[in-house]
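What follows draws every value from the coordinates through simple rules; no lab data is involved. Here the structure is a predicted model, which is why all the values come from computation and not from measurement.
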Amino acid sequence: IYTVQIDSKLQDSVRTILKRNVRNVPVVDDKQRLVGLITRANVVDIVYDTIWGDSEDAVQTEHVGEDTVSSKMHEQHTTNVKVRDIGDDKS
């Protein structure tokens, strides 16, 4: 499982998601505890908001990806999350 640290730069997280061709990457703290999840959809939203923001006239291209993952994380309550223990996979 590929993870990113909570203080990783966004550009590194995007690189991990695209290079590994995964849909989401767990975000962990310095003790490797799960603190969140970053998805491809999150990446698209973050990049869009970083470049265009609320106004299409306000285009920002400098420092895209320099923010940390934690600066863009927001609380989201999720229920019914499916978990699969790959250690029990017999295939």
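Residue by residue, region 46-52 carries 3J(HN,Hα) couplings of 5, 5, 4, 5, 5, 7, 9 Hz when phi is fed to the Karplus relation 6.51 cos²θ - 1.76 cosθ + 1.60 (θ = phi - 60°); x denotes Gly or Pro. Between the amide H of V35 and those of V27, V28, D29, distances stay under 5 Å, these residues lying 5 or more places away or on another chain, with hydrogens modeled in the peptide plane.
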